[in-house]
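A.B. asks: Could you have a look at this structure, given as structure tokens, before my questions?
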Amino acid sequence: SSGINAEYGGLSKLYLDGIVTLCDAYNFDKTLQEAGGKVTECERQIALADVVILNKMDLISSNVRDNISKKIQSINSSCKIQYTTHSRVDLDMILGIQAYSNTDPPPSTLEHNLSSAISTVTLTTNTKLKREDIETALEKILWEEAQSDSDKDPKESHVVEDTGKMTVLRLKGKLHTTEGWIMIQGVRDMYDITDIKGDNIPYQHLIFIGLHLDKKVLSEATKMELR
């Protein structure tokens, strides 16, 4: 960490700008296939991504590209897809993307496709909620309603078992609480809330990406509506 401090002028200046996932378009369907009751690494990384780079576009047809894009969007409708050949990509598309400070409208809730139990649920509200109520709702969802990692071997924490129970892989959003604007980020059963400036944020939204998401449970717990 001392080397990072010296090179970048302090860890306090570093922040998470976004998560980028690189996918092999030519072998996409093969890597997406079921893995003995486990979520594939391909599915997991797409679910976590803010931007998906779909590489080897020169090796597939436009129809195949459209089909792959639909599969990616069905897993994570909040991510942006960049199409590339030989991994050539405009750095502006993957650096400085400000995934956690953009003002894009939130994605609509999408049902999962036939090959994956992963889907996206987006909740919105026009009401200012109490921060305490939001934290209580998230803890109920992540620690009671959803499958938890608490009993799992840390070495296997990246492995996602499809037990048929609701499992949250990714959580993100911005809400206007009675105490001010907050940004929420979560992976599996861990989450973090940060105070932010909300001057240019036109939408309140909370996005859940995961397996067997129960829209009714998520909506009732957070007191928010499905988008």
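A.B. asks: What number of residues within the stretch 41-72 are surrounded by 15 or more Cβ atoms within 10 Å (Cβ to Cβ) and either not in a helix (DSSP H, G or I) or not aliphatic (A, V, I, L, M) (or both)?
C.D. replies: 16
A.B. asks: Additional query: If we only count strands (runs of 3 or more DSSP E) wholly inside the stretch 131-215, which ones have 1 or more residues that are surrounded by fewer than 16 Cβ atoms within 10 Å (Cβ to Cβ) and modelled with pLDDT of 85 or more?
C.D. replies: Values: elements: 167-177, 180-187, 190-195, 205-211.
The strands (runs of 3 or more DSSP E) meeting that bar are 180-187, 190-195.
A.B. asks: Now a separate question. What are the residue pairs meeting all of these: first residue in the stretch 166-193, first residue closer than 19 Å to V217 by Cα, second residue among the basic types (K, R) and outside any strand (DSSP E or B), Cβ atoms under 7 Å, and 6 or more apart or on different chains?
C.D. replies: Within 7 Å, the pairs are V168/R188; L169/R44; L169/R188.
A.B. asks: Looking at this structure, is K197 within 15 Å of E135 (Cβ to Cβ) and either basic (K, R) or in contact with a Cys (Cβ under 8 Å, 6 or more places away or on another chain) (or both)?
C.D. replies: Judged against the criteria, K197 is not a match.
A.B. asks: Output the residues belonging to the stretch 171-204 that are under 28 Å from E161 (Cα atoms), in contact with a Leu (Cβ under 9 Å, 6 or more places away or on another chain) and not β-branched (V, I, T).
C.D. replies: Step one: filter the stretch 171-204 for residues under 28 Å from E161 (Cα atoms), giving 171-173, 184-193.
Narrowing the set further to residues that are in contact with a Leu (Cβ under 9 Å, 6 or more places away or on another chain) leaves 171-173, 184-191, 193.
L171, K172, G173, Q185, G186, R188, D189, M190, Y191 - these are the residues of the stretch 171-204 that are under 28 Å from E161 (Cα atoms), in contact with a Leu (Cβ under 9 Å, 6 or more places away or on another chain) and not β-branched (V, I, T).
A.B. asks: Restricting to the stretch 73-98, name every residue that is hydroxyl-bearing (S, T, Y), modelled with pLDDT under 90 and crowded, with 17+ Cβ neighbours inside 10 Å. Break it down stepwise before answering.
C.D. replies: The first filter runs over the stretch 73-98 and keeps only residues hydroxyl-bearing (S, T, Y), leaving 74, 77-78, 83-85, 87.
Cutting the leftovers down to modelled with pLDDT under 90 gives us 74, 77-78, 87.
Scanning the stretch 73-98 gives S74, S77, S78.
A.B. asks: So, in the stretch 29-40, of the ones that are in contact (Cβ under 8 Å) with a residue 12 or more places away in the chain and under 20 Å from V187 (Cβ atoms), which residue ends up least open to solvent (accessible area, probe 1.4 Å)?
C.D. replies: V39
The values are calculated or read from the model by the stated rules, or taken from the named source; none is laboratory data. Keep in mind that this is a model prediction, so the values were computed, not measured. As a convention, Cβ positions derive from the backbone with ideal geometry for all residues, glycine included, and neighbour counts pool all protein chains shown. Just the protein is used for accessible areas: all its heavy atoms, side chains included, with ligands, DNA and RNA removed. Shrake-Rupley method; radii C 1.70, N 1.55, O 1.52, S 1.80 Å.
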